[in-house]
1. Could you give the angle, 0 to 90 degrees to the nearest 10, between helix 222-236's Cα long axis and the longest principal axis of the Cα atoms of the chain?
2. Using Cα-Cα distances under 8 Å and only pairs 6 or more residues apart, what relative contact order does the chain have, in percent?
3. Could you give the alpha-carbon Rg of the chain over 2.2 N^0.38 Å, rounded to two decimals?
4. As I understand it, the dipole of segment 6-247 uses +1 on the Cβ of Lys and Arg and -1 on the Cβ of Asp and Glu, about the Cα centre. Which of Gln194, Cys21, Cys143 lies farthest toward its positive end?
5. Using a simple charge model, +1 on the beta-carbon of Lys and Arg, -1 on the beta-carbon of Asp and Glu, nothing else, what dipole does the chain show about its Cα centre, in debye to the nearest 20?
6. R0 = 30 Å: FRET efficiency of Leu49 with Glu247, Cβ-based, nearest 0.05?
7. Considering only DSSP beta bridges whose two residues both sit in segment 6-247, what percent are antiparallel, to the nearest 5?
8. List the aspartates and glutamates whose Cα lies under 20 Å from the Cα of Lys24, skipping any in the same chain that are fewer than 8 positions away.
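Please treat every number below as a calculation from the coordinates, not as lab data. Here the structure is a predicted model, which is why all the values come from computation and not from measurement. Cβ sites come from the backbone with ideal geometry, for glycine too, and all protein chains shown count toward neighbours.
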Amino acid sequence: MSRYEFTLNPYSGCGFGCEYCYAKFFAPSAEHQETWGRWIFVKANAVDLIIEACRSGTLKSGDKVYMSSVTDPYQPIEHKLGLTRSILQAILACGVQPRLTIQTRSPLVVHDIDLFRQFERIRVNVTVTTDSEEVRLRYEPHCPSISVRLKALATLAAAGVPVGVSISPMLPIRNIEAFGARLAELNADEYVTQYMKAGRSRFAGGTSIEAIGKANEDGWGVSEYQAARTTLTRILGKKRPLLEGAEGYAPA
Ligand code: SF4
C-alpha cells in the first residue's frame with residue numbers, strides 16, 4: 001500500500017474467515033491465527049483518533065487513504081456498531097476531503113451511500129471472487145453471497161458512486177463468458193484480479209496450504225487462472241482494462 005499515505009482499519013480480525021485469507025498470518029498470536037474468523041477487535045477510539053488526525057493536520061485533504069488493508073471495514077458487526085460509518089462522518093465533519101478507496105465484500109456498504117456521495121474523490125471496491133455459489137461455499141462459506149455483492153455494486157454505481165471490482169483471488173469460475181458480461185455491465189472504474197498467492201514468509205502473507213490444496217483438487221491452477229483472465233480481458237475490452245495484482249488498487 002505504498003501508493004497510499006494512510007491505511008484505515010476500524011477493526012482487526014475478520015468475521016468472514018475466508019479459507020485463503022493472507023491477513024490471518026498477521027494475527028497477534030498463533031492462537032488468533034488458529035481461530036481466524038471467530039474473533040474481532042473493535043478499535044473503540046478510532047473516531048477520536050481520526051478527529052485528532054484531522055484537527056492536527058496529520059490527515060489532510062488530498063491524502064490517499066485505503067480502508068481497509070487487513071480486514072473488511074463492513075464486518076457483520078458494523079451493522080450494530082456503525083464504527084466505519086462514524087469514522088466517515090467524523091472525516092466529513094472536519095471538512096477533510098481525502099482520496100478515499102474502500103475495499104469490502106459486504107452489502108452493508110450500501111448503507112453509507114449517503115456519505116460516499118459527500119466525498120469528492122472516492123472509489124468503493126467490492127470483492128467478487130467467483131460466479132458460483134458452490135465455489136464460494138467451498139472457499140469462503142461465511143461471506144455474503146455473490147449475488148448480493150453484485151447487487152451492492154450495481155446499487156452503488158446507480159447512486160453515482162465510482163466502483164471497482166476486485167476479482168481477488170480469482171476462484172474457479174463456472175461460466176467465464178456470462179461472468180465477464182455481468183461484470184462489464186457494471187462499467188466499473190477499475191477491474192483487478194490475481195491468483196492465490198502461494199507461499200509466505202515472516203513478512204509476507206500467503207494463501208493457506210488448505211486453500212491451495214482445494215484449488216488443486218478443483219483443477220484450478222495458474223494456467224486455468226491465466227486462461228480465464230485472458231477471456232475476461234477480452235470481454236471487458238479496452239475501455240475497461242483488467243489489471244493484475246499490484247497494478248490495481250490505485251488510489252481513488
Ligand atoms: S474478507 Fe478479507 S480480511 Fe476477511 S477473512 Fe476474507 S480475505 Fe481475510
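1. 70
2. It comes to 20 percent, rounded to a whole number.
3. So the chain has a normalised radius of gyration of 0.99.
4. Gln194
5. It works out to roughly 460 debye.
6. Rounded to the nearest 0.05, the efficiency is 0.45.
7. Counting only bridges with both partners in segment 6-247, antiparallel ones make up about 10 percent.
8. Glu34, Asp72, Glu78, Glu140, Glu210
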